[in-house]
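What follows draws every value from the coordinates through simple rules; no lab data is involved. What you see is a predicted model; the values in this text were computed from it and never measured. Here the Cβ positions follow ideal geometry from the backbone for every residue, glycine too, while neighbour counts run over all protein chains shown.
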Amino acid sequence: MSHKPKNIFVSGAVSPALIADSIQKHSTKTDIGGHSIFLGQVRADEKNGGMVQAIEYTAYEEMAVQKAFEIREEIFVKYQLTCLHIHHSLGEVKAGEVCLFVFTSSPHRKAAIDACAELVERIKNELPIWGREIISAEKYEWKENK
Amino acid sequence: MSHKPKNIFVSGAVSPALIADSIQKHSTKTDIGGHSIFLGQVRADEKNGGMVQAIEYTAYEEMAVQKAFEIREEIFVKYQLTCLHIHHSLGEVKAGEVCLFVFTSSPHRKAAIDACAELVERIKNELPIWGREIISAEKYEWKENK
Amino acid sequence: MQQSAETKDIKIIAFGIIAEKIGGRELVCNGISDTGALRQWLANKYPGLNGLKFSIAVNRKLVHENCTFDNESEIALLPPFSGG
Amino acid sequence: MQQSAETKDIKIIAFGIIAEKIGGRELVCNGISDTGALRQWLANKYPGLNGLKFSIAVNRKLVHENCTFDNESEIALLPPFSGG
């Protein structure tokens, strides 16, 4: 567990290979009993004027990385975690692709599951990241989290 | 979503490649907005006589597959899910390897997260599966879920 | 004349520590037609089971009260689950 | 003689729909030293912002009450977040 802010952004979609690689890396940590993973996937929602083709993400990167670090420290205090990783896309992510990867690990399943659920809410509510839903070459809508 | 019992067992550890492949397959389902994944990993617990090297899983397979199907149907009624997958190891799984992979997907994150957490509890409590913790060539302990 | 259910062999399957204590995954009993009698018979025949908790499944369903069965039934002895 | 803080240019960065409405990711203001005055100045200068909600961050922290700043501060205009 590192104690300085770490970049959370990846360019474009989060690939299944990155996820597999991250899981694989935890096989040396034999005090872990459970991993909880959340993946956000871009939905092809129906909009006025067509379907969402992709979401283009931008962020206030410096603030997002600092805030993600603060959240990380708070979650580590609250839950008995071994590891915690956050990866969020920047730039274009097509419908069906993964834009958010949250990964928590703990000796016991409950801490991993609860921490992951809380992290996802906090990421959505507190990180300065914006998604623009691309509907066609001319048409887009700024996404709003509910 | 298929409506007949499906084998949930894999021989040996669940590989990161199987997990990546399963995630990849969902990219065509563009109504999905969130995936929740739980992975059970074998812990190298300290025991009287040494560390846990591996867990050897056996199951009453026919009953486990039928029960997993019943649980699946109940979870689909309770939560708005697009997909639900369960993979559990049989045979030997070494410390650090993954023995359980539970995967739920939904248009909205809350349903995926809540369904996954409930599934993990039900799998641990209701499926006739047994783990024998291998400590050395001569020594083992039958695991008990708490 | 057909054999009565009571005199037909009934096959029982066992798992985990229960299989270990009875020395195999399968055993056969005869003249037993409910789960209460089966528990009694097992306790007499396998003292190694003393103090071990197990459930009985009849036709792949856990039974919690005394339950009758016949030689067509699938009977299984299940120690506490420890999957996942 | 040094310029006073009020007369130095203050750089402001904007994101999302706010950047779009003001026509760029960066703007410069002068003679403004608190977030309340900044909101007023923006409302006058960019009628396109009318009806749009946004927060202000000073040095990468959201500020909820009126907050003073100077030309060393990092000021950012943040529409509602929509990550994940």
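Observations, loosely collected:
- Here the extension length gained between C:Thr68 and C:Glu26 equals 13.2 nm, from 0.36 nm per residue of separation less the Cα-Cα distance.
- For C:Arg39 and A:Asn125, the FRET efficiency from 1/(1 + (r/R0)^6), where r spans their Cβ atoms and R0 equals 60 Å, is about 0.60.
- Within-13-Å neighbourhood charge of D:Leu52 [Cβ basis; K, R +1; D, E -1]: +1
- Between helix B:61-78 and chain B: long-axis angle, C-alpha atoms, 0 to 90°, nearest 10: 40
- Where only DSSP H runs of four or more residues are counted, chain A gives -10500 deg cm²/dmol as its mean residue ellipticity at 222 nm, each run worth -39500 (n - 2.57).
- Across the options D:Ala43, D:Thr68, D:Ile10, the greatest Cα extent toward the positive end of the charge dipole of the range D:5-78 (unit charges at beta carbon of Lys, Arg, Asp, Glu) belongs to D:Ala43.
- Helix C:35-45 and the long axis of chain C differ in direction by around 70°, with both axes built from C-alpha atoms.
- Cross-link pairs exceeding 20 Å between alpha carbons, from the set B:Lys47/B:Lys94; A:Lys67/A:Lys110; A:Lys110/B:Lys143; B:Lys139/C:Lys21; B:Lys124/C:Lys45; A:Lys110/B:Lys139: A:Lys67/A:Lys110; B:Lys124/C:Lys45; A:Lys110/B:Lys139.
- Over chain D: helical MRE at 222 nm, DSSP H runs n ≥ 4 each giving -39500 (n - 2.57), nearest 500: -6000 deg cm²/dmol
- Label spacing, shortest first and in nm, from C:Asn59 to its equivalents in the remaining copies (7 angstrom along Cα→Cβ): 7.4
- Nearby aspartates and glutamates by direct alpha-carbon distance to A:Lys29 (threshold 17 angstrom, same-chain neighbours under 8 apart not counted): A:Asp21, B:Asp45, B:Glu46, B:Glu97
- Note on C:70-81: average number of Cβ atoms from other chains within 10 Å of each residue's Cβ is 3.
- Cα-based reach from C:Lys53 at 19 Å (exclusive), listing aspartates and glutamates while leaving out same-chain residues under 8 positions away: B:Glu126, B:Glu133, B:Glu141, B:Glu144, C:Glu20, C:Glu26, C:Asp34, C:Glu65
- Charged side chains reduced to their Cβ positions (Lys and Arg at +1, Asp and Glu at -1) give chain B a dipole of some 400 debye around its Cα centre.
- Beta bridge orientation in the range D:1-78: antiparallel %, DSSP, nearest 5: 80
- In the elastic network of chain B, a GNM with C-alpha springs shorter than 10 Å, the most mobile of B:Gly33, B:Gly131, B:Gly49 is B:Gly49.
- Axis between D and C by rotation; chain D residue with nearest Cβ and distance in whole Å recorded as D:Gly84, 14.
- Value in Å of the Kirkwood radius, where chain C supplies the Cα pairs that are averaged: 13.2
- Each residue of the protein assembly as shown gets 181 Å³ once the volume of the Cα convex hull is shared out per residue.
- Summary for B:Leu18: label point 7 Å along Cα→Cβ; distances to the equivalent points in the other copies, ascending, 2.5 nm.
- Based on C-alpha pairs under 8 angstrom that are at least 6 apart in sequence, the range C:5-78 has a relative contact order of 40 percent.
- Average beta carbon contacts from partner chains per residue of A:127-136, 10 Å cutoff: 4
- Shortest-first distances to equivalent copies, position A:Pro5, nm, label 7 Å out along Cβ: 5.5
- Summed residue charge, Cβ within 9 Å of B:Arg109's Cβ, Lys/Arg positive, Asp/Glu negative: +1
- Sparse-neighbourhood loop sites, GluC sites (Glu not before Pro) in chain C - DSSP loop, at most 14 other Cβ within 10 angstrom: C:Glu65, C:Glu72
- Taking Lys and Arg as +1 and Asp and Glu as -1, the other residues whose beta-carbon sits under 12 Å from that of A:Lys94 total -3.
- Pairwise FRET efficiency - A:Lys78 versus B:Glu61, Cβ, R0 = 51 Å, nearest 0.05: 0.80
- Alpha carbon centroid spacing (whole Å) that separates the range A:11-41 from the range C:16-51: 45
- Dipole in debye (nearest 20) - the range B:1-76, about Cα centre, beta carbon charges: Lys, Arg +1; Asp, Glu -1: 180
- Global geometry of the range B:26-118, whether rounded, prolate or oblate, following the gyration tensor of its Cα atoms and the 1.5 cut on a/c: prolate
- For the segment B:37-50, counting C-beta atoms of other chains within 10 Å of every residue's C-beta and taking the mean gives 5.
- Given their separation in residues at 0.36 nm each and the Cα-Cα distance between them, C:Tyr46 and C:Lys61 gain 3.0 nm when the chain is fully extended.
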